[in-house]
Structures are given as C-alpha cells and as structure tokens.
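K.L.:
Below you will find the structure I want to go over with you.
The values are calculated or read from the model by the stated rules, or taken from the named source; none is laboratory data. These numbers come from a predicted model, not from an experiment. Note that each Cβ is placed from the backbone with ideal geometry, even for glycine, and that neighbours are counted across all protein chains shown. The protein model used for the area step is the full one, side chains on, heavy atoms only, and it has no ligands, DNA or RNA in it. Shrake-Rupley method; radii C 1.70, N 1.55, O 1.52, S 1.80 Å.
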Amino acid sequence: MPTPTKGPRLGGSPTHERMMLNNLAAQLFEHKQIKTTVTKAKRLRPVAERMITNAKKGDLAARRRVLGQISDKSIVHELFTSIAETMAERPGGYTRITKIGPRPGDNAPMAVIELVLEPYSPKQATVKEAEQATAAAAAPAEEAPVEAEVVDEAPAEDAAVEADAVEADAETAEESSEAAKEK
C-alpha cells in the first residue's frame, strides 16, 4: 500500500480523498482515459493498478474487494471481463500518464491518464523469435556444403594474388629507396 502523503490531502479528509480516487478509477475504467490534474493522476495510478491486479485474479474475493471500492456493478463487470483479459499478459504498468499543459482557468498542470491497451510482447518472446529465425537461416546453409566450399576457395585465391601484389610493392619500394640513396 502506498505511503500516505503528508500535509493537505486532495479532498480534505482521508475518506473524501479515498472516495474521490475510487470515483476517478471508475471513470477511468468506463472511459479508458480521463483528463485530470497531474497530482490526481499520480495519486490515482496505484489505486487503479491495484484494482486491475485484483481483476486479473478473477475470483469472487477479488470481485468483492473491487465492489467495495466501486459501487457500479456494470463498471466492475467491464473491468473483470474486458480490461482484465486485455491486461492478462502484462506484468504491470497498466496505466500511462501524459502531461498536456496548464488548465486555462487556474493554470493547474493537467494530464491524461489512460489504460495501456496495446498488446504486450515480452522481450523473451522477441529473443526466441530471433533465435528461431537464425536457426531457420542456418539450416539451409548446412544442407548445401558444396556452395560453402566454392566460396572458401575464392578468398584463398584472392589472398594469394594480394600477397604477390604486396611483395611486388615492397620490391618496388626498396628499389626506389636505394635509387634515392645513390643520388
């Protein structure tokens, strides 16, 4: 559970703050994104993510825990059916906060908090796909060793030609240095 903030709370009393955050979470689950102040969005994030974690469990006790916070059964049903299924693969980080600038009336910093509904692709799955692609590319090369031998012979011939050219250049350099000494 997050540590309580020191000083004045969002709504005055701790009860009012808790009720306000629960209502913001309900609106977030209903509309998938809401526009609020940066402070409220930062305070809402752990509350909403805890509810989504309970919804991912999906059992009766978790549903009753969420119903204790959100009284609208249709929103709780949507949370447990559609949102929890979307977040099933995601290990955390269910919400995203984007700052959008100050509010025109009182210049309060505003933000959009939204649910991250994009499909989750863990890095391990990407690594496994890359390894499979590498193995698939290596398999045809192993089946055709004749081509590999032809490729190996060509650089050897080029290396011999290059070695002869280097020796010729060295001899030419020696001759020119000897000619320069004689003058």
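K.L.:
Residue by residue through the range 38-49, which ³J(HN,Hα) values in whole Hz follow from phi under the Karplus form 6.51 cos²θ - 1.76 cosθ + 1.60 (θ = phi - 60°), with glycine and proline marked x?
P.N.:
So the J values, rounded to whole Hz, are 4, 4, 5, 5, 5, 6, 6, 3, x, 5, 5, 5.
K.L.:
Right, something else. Net charge within 13 Å of E30 by Cβ-Cβ distance, Lys/Arg positive one each and Asp/Glu negative one each, not counting E30 itself?
P.N.:
On the way: positive: K32, K73; negative: D72, E78, E114.
Charge balance in the 13 Å sphere: -1.
K.L.:
If you average the sequence gap of Cα pairs under 8 Å that are 6 or more apart and divide by the length of the range 1-78, what percent do you get for the contact order? List each step's numbers first, then the result.
P.N.:
Values: 41 pairs, mean separation 22.4, N = 78.
The value is 29 percent.
K.L.:
I would also like to ask the following. On a 19 Å Cα-Cα criterion, which of the cross-link pairs K42/K99; K6/K42; K56/K123; K32/K99 come out too long? It would help to have the intermediate numbers written out before the result.
P.N.:
Numbers: K42/K99 11 Å; K6/K42 15 Å; K56/K123 21 Å; K32/K99 16 Å.
Table pairs above 19 Å Cα-Cα are K56/K123.
K.L.:
Also: What does the accessible area per residue of the range 4-68 come to in Å², with a 1.4 Å probe and no ligands, DNA or RNA counted?
P.N.:
Numbers: 3790 Å² over 65 residues.
With the other protein chains kept in place, the range 4-68 gives 58 Å² per residue.
K.L.:
With a 10 Å radius around each residue's Cβ, average the other Cβ atoms per peptide and rank 58-64, 84-90, 103-109, highest first.
P.N.:
Details: 58-64: 12.1, 84-90: 15.6, 103-109: 9.7.
For the peptides 58-64, 84-90, 103-109, the packing ranking is 84-90, 58-64, 103-109.
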